[in-house]
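Worksheet for the structure shown next.
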Amino acid sequence: MGGEPGVQTGEEIFMCKISVIIPMYNAESYIRQCIRSVIGQTYRNLEILVIDDGSTDGSPGICRQFSLADSRVRLYRQENGGVSRARNYGLDIASGEYIFFLDSDDAIHPLLLEEMMGQVQTQRARMVFCDCARMDSLLLEDTMDSVSAEDERPGWLTAEGAGAEEWFHITYTKELSGICGLISRACIGKLRFEEGLAIGEDTLFMYRMFRKQLRTAYSPCAWYYYRMDPESASHVANRCLHGQCFVCHMMIRDSEYQEGDYRFALRWEERLIARIRQQYANCRKQRDEKGCEELREIAAGERKSPLYRSLGFSRRFLLGCCFVCYPVSVLLDRMDIRLWKWKEAIRNGRK
């Protein structure tokens, strides 16, 4: 595993600059709120790099207005090449010691970056993450109107070495598979996002970062506000690029399998099978026959995997039932959810 560069003293840490990288494409409706949430941070030593990915609306003009009012905001433009290329551009030009990625339709709590840098100082963390609150535009607007620098400070957990990897693969997979966190630029090094990957590029990037086994801090406090826009690029991609939905999971699974960590590989195989079933259900609802047929072929290929044969009988049965007798699969899913809720209720009652 990769070693860590030298760690700064506490005084040096609070002199550190954070490069906030915001990839933007036609975000005229949301970019004001996004940038305002960064400008309003209590941690002031920032550069705000907006990477315009060939927008055709008024969003670049809005960013130029911000740059005139606040010299920390800088606008760069590239030909349309996707969010990964925009993030990579930002990494190439960033001058900060720490990197924070923020999507142009999202926002963050005003205390977030100060709190994250506090974990760098007190815990010597090289990566710091918080939970993500997913909400529609109306709720996000209400949330941003109510947050304050006087809000209660969150609690934090830390891990490093094999424990940090365990967080990513087992404990906090959902929370750490996105890039809503602060990362040491020295630790990123030459690592970049996969520009050919349409979906899951952030999860693959984080997987490669967690393989470095860096000291990591995480808070379950949801201070990153993710806008659930049904017309966003990720939602459109999930509807149209069925095969692309699984590439990231397959790459992580195969990498762990080749490294001999079968426990982690099997967990990603389980997630892959669950995602195939979920995507098939979506196609059925949308009456997407072409998508259903594509997913049948993907599932048939997965059944040949040695890891698939290591799955429990119930998971294999549910996948087969999904394609052979879909109504029964739906009924079994409902029973499985009720069983899970019952187990959770018993577990919580014991605490």
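Counting only helices (runs of 4 or more DSSP H) wholly contained in segment 125-198, the ones carrying 1 or more residues that are without any contact (Cβ under 8 Å) to a residue 40 or more places away in the chain, closer than 14 Å to R211 by Cβ and open to solvent by 30 Å² or more (accessible area, probe 1.4 Å) occupy 162-166.
Residues in segment 303-316 that are within 13 Å of M250 (Cβ to Cβ) and assigned to a helix (DSSP H, G or I): Y308 only.
All told, V38 falls short of being outside any loop (DSSP other than H, G, I, E, B), modelled with pLDDT of 65 or more, within 21 Å of R87 (Cβ to Cβ) and in contact with a Phe, Trp or Tyr (Cβ under 6 Å, 6 or more places away or on another chain). Residues in segment 12-40 that are surrounded by fewer than 23 Cβ atoms within 10 Å (Cβ to Cβ) and either closer than 24 Å to S184 by Cβ or out of contact with any helix residue (DSSP H, G or I) (no Cβ under 9 Å at 6 or more places or on another chain) (or both): E12, I13, F14, M15, C16, K17, S19, S37, I39, G40. Pairs meeting the criteria (first residue in segment 312-324 and in contact (Cβ under 8 Å) with a residue 12 or more places away in the chain, second residue charged (D, E, K, R), beta carbons under 6 Å, at least 6 apart or on different chains) are C322/R277; F323/R296. Condition first: farther than 26 Å from L204 by Cβ, open to solvent by less than 50 Å² (accessible area, probe 1.4 Å), among the acidic types (D, E) and modelled with pLDDT of 95 or more. Can you find one or more residues in segment 115-123 that meet it? Yes, the conditions are met somewhere in segment 115-123.
Counting the residues of segment 92-124 that are more than 25 Å from D229 (Cα to Cα) and assigned to a helix (DSSP H, G or I) gives 12.
Scanning segment 92-105 for residues that are touching a Lys or Arg at 6+ places or on another chain (Cβ under 7 Å) and open to solvent by 40 Å² or more (accessible area, probe 1.4 Å) yields S95, E97.
When residues in segment 44-91 are screened for being open to solvent by less than 30 Å² (accessible area, probe 1.4 Å), among the polar types (S, T, N, Q) and outside any helix (DSSP H, G or I), 2 of them pass. Helices (runs of 4 or more DSSP H) fully within segment 227-302 that include at least 1 residues being modelled with pLDDT of 95 or more and closer than 25 Å to E166 by Cβ: 247-259, 262-286. Taken over segment 199-218, the criterion of being open to solvent by 40 Å² or more (accessible area, probe 1.4 Å) and either assigned to a loop (DSSP other than H, G, I, E, B) or at positive phi (or both) is satisfied by R211, K212, Q213, R215.
The values are calculated or read from the model by the stated rules, or taken from the named source; none is laboratory data. Source: prediction; values computed, not measured. Methodologically, a virtual Cβ is constructed for each residue, glycine included, from the backbone with ideal geometry; neighbour enumeration extends over all protein chains shown. The area values use the complete protein model at the heavy-atom level, side chains included, leaving out ligands, DNA and RNA. Shrake-Rupley method; radii C 1.70, N 1.55, O 1.52, S 1.80 Å.
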